[in-house]
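Presented below is the structure to which this report refers.
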Amino acid sequence: MVYDIVILGGGPAGLTAAIYGKRAGFNTLLIDESPESGGQILTTYEVDNYPGLPKIGGMDMGKKFREHADNFGAEFAVGRVSSIEKEGDIFKLVTRKVTYEAKSVIIATGAGHRKLGVPGEAEFGGMGVSYCATCDGAFFKDKVTAVMGGGDVALEDAIFLSRMCKKVYLIHRRDEFRGAKVLQDQVKSIENIECVMDSVITEIKGDKAVNAVLIHNKKTEEDKEIPVDGVFIAVGIQPNTDKIKNLPDMDEAGYIIAGETCETSIPGIFAAGDVRTKQLRQVITSAADGANAVTSIGRYLA
């Protein structure tokens with residue numbers, strides 16, 4: 001069977017594309033590595049910035065997206081596509097067990113936050129450990145938080161959190177920040193931000209939620225425990241493009257080069273959501289990409 005559209009990835013971009021694909025009358029299949037749809041939002045305790053659904057749980061939001069796609073009759077399969085091959089006008093999407101055929105492909109595999117890989121990080125994901133200050137910062141109003149990182153995102157996160165948190169510890173493994181000078185100056189001017197330099201988080205502690213971080217000073221070799229209510233990890237993100245062969249052109253960071261139309265360097269392949277080059281990576285922009293990608297496919301198939 002040759003599908004009109006095969007979508008790779010079951011996050012907001014992929015699920016929205018499935019909804020729009022079926023609404024447009026296209027035979028649509030979505031392939032995801034996980035049987036549970038939703039992508040990164042499944043690890044978010046609450047989503048407070050999606051219009052019309054304030055304070056919805058990440059799991060609940062993923063279910064609603066999936067139910068919407070199911071109601072339109074989108075087809076789903078669990079698997080990991082290892083390569084995309086083109087024969088004539090047909091794309092062949094190779095998985096370990098099945099090779100799917102499609103007239104067009106939407107890559108919506110998302111991007112993942114780089115992890116610290118320390119004890120407690122996975123255990124307290126969504127329960128005090130976050131990778132997005134603008135998404136989850138409001139839940140820590142008048143509380144104490146820590147930010148790990150030294151680039152622009154970490155500095156911006158610390159500044160953002162300082163407006164609502166009682167205190168923010170900004171922890172960086174070097175003696176100088178990598179972020180822009182203007183951000184560094186701003187951080188240093190804010191009274192409730194304390195910079196902890198030459199240090200790394202070695203463990204995130206807690207009971208039902210985070211209550212402390214253990215840090216190690218790389219110069220003095222001193223270990224110290226800091227009581228905190230939340231930890232924001234800002235050591236970079238990476239697109240989920242490393243497992244698939246024969247992808248369209250990517251930038252130096254591995255994001256697929258595509259604009260708002262989601263068109264890539266390969267006609268018939270479209271990129272949507274966090275995996276593509278873009279300014280803002282949020283649920284709302286991913287959903288918009290899913291809709292735009294299907295609109296572009298409508299023109300391509302016509």
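Taken together, the values in this text are just the output of simple stated rules run on the coordinates, not laboratory data. The structure displayed is predicted, hence computed values, not measured ones. Don't worry about glycine lacking a Cβ; one is built from the backbone with ideal geometry, like all the others, and counts go over all protein chains shown.
Each Cα pair under 8 Å and six or more residues apart adds its sequence gap; the mean of these over the residue count of the chain is a relative contact order of 20 percent. Grab the DSSP H runs of the chain that are 4 residues or longer, score each as -39,500 (n - 2.57), total them, divide by all residues and round the 222 nm result to the nearest 500 deg cm²/dmol. -7000 deg cm²/dmol, from helical runs alone. Along its first, second and third principal axes, ordered by size, the range 129-233 spans 38, 34, 22 Å in Cα coordinates.
Under 30 Å of direct C-alpha separation, and excluding same-chain neighbours fewer than eight residues apart, residue 181 reaches these lysines: 115, 141, 143, 166, 167, 218, 219, 224, 278. Taking every DSSP beta bridge that has both ends in the range 129-233, the antiparallel portion is near 45%. Taking amide H atoms as placed 1.01 Å from N in the peptide plane, the amide H of residue 56 lies under 5 Å from those of 47, each 5 or more residues away in sequence or on another chain. Once both labels are positioned 7 Å from their Cα atoms along Cα-to-Cβ, the gap between residue 299 and residue 59 label points is 4.2 nm.
Using DSSP, restrict attention to beta bridges with both residues in the chain and report what percent are antiparallel, rounded to the nearest 5. If we restrict to bridges inside the chain, about 45 percent are antiparallel. Put a dot 7 Å past the Cα of residue 134, heading toward its Cβ, do the same for residue 86, and the two dots end up 3.3 nm apart. Using θ = phi - 60° in the Karplus curve 6.51 cos²θ - 1.76 cosθ + 1.60, the 3J(HN,Hα) couplings for the range 89-96 round to 9, 10, 9, 10, 9, 8, 10, 5 Hz; x is entered for Gly and Pro. A simple count of charges around residue 302, restricted to other residues whose Cβ falls under 13 Å of its Cβ and scoring Lys, Arg +1 and Asp, Glu -1, yields +1.
Applying 1/(1 + (r/R0)^6) with R0 = 25 Å to the Cβ-Cβ distance of residue 24 and residue 279 gives a FRET efficiency near 0.40. What are the residues whose amide H is under 5 Å from the amide H of residue 194, where those residues sit 5 or more places off or on another chain and H is modelled from the backbone? Placed amide hydrogens put 168, 169, 170 under 5 Å from residue 194.
Whole-Hz Karplus values for the range 240-255 come out as 8, 10, 7, 9, 10, 8, 6, 7, x, 4, 10, 7, 4, 8, x, 7 Hz, taken residue by residue from phi with 6.51 cos²θ - 1.76 cosθ + 1.60 and θ = phi - 60°; glycine and proline positions read x. Here Rg and Dmax of the Cα atoms in Å was calculated from the structure, and among (1) 18.6, 62; (2) 20.9, 66; (3) 27.6, 108 it sits at label (2). For the range 129-233, the residue among 196, 182, 217 whose Cα projects farthest onto the positive side of the dipole built from Cβ charges is 182. Using a cut-off of 14 Å between beta-carbons, work out the net charge of the residues near residue 277 (Lys and Arg +1, Asp and Glu -1, residue 277 not included). Charge balance near residue 277 sits at -4. The calculated FRET efficiency for residue 217 paired with residue 78, based on their beta-carbon distance and R0 = 51 Å, is about 0.70. Cβ-Cβ distance of residue 180 and residue 122, R₀ of 30 Å, FRET efficiency by 1/(1 + (r/R0)^6): the value works out to about 0.45.
For 132, 195, 165, 262, the sequence from fewest to most other C-beta atoms within 10 Å is 195, 132, 165, 262.
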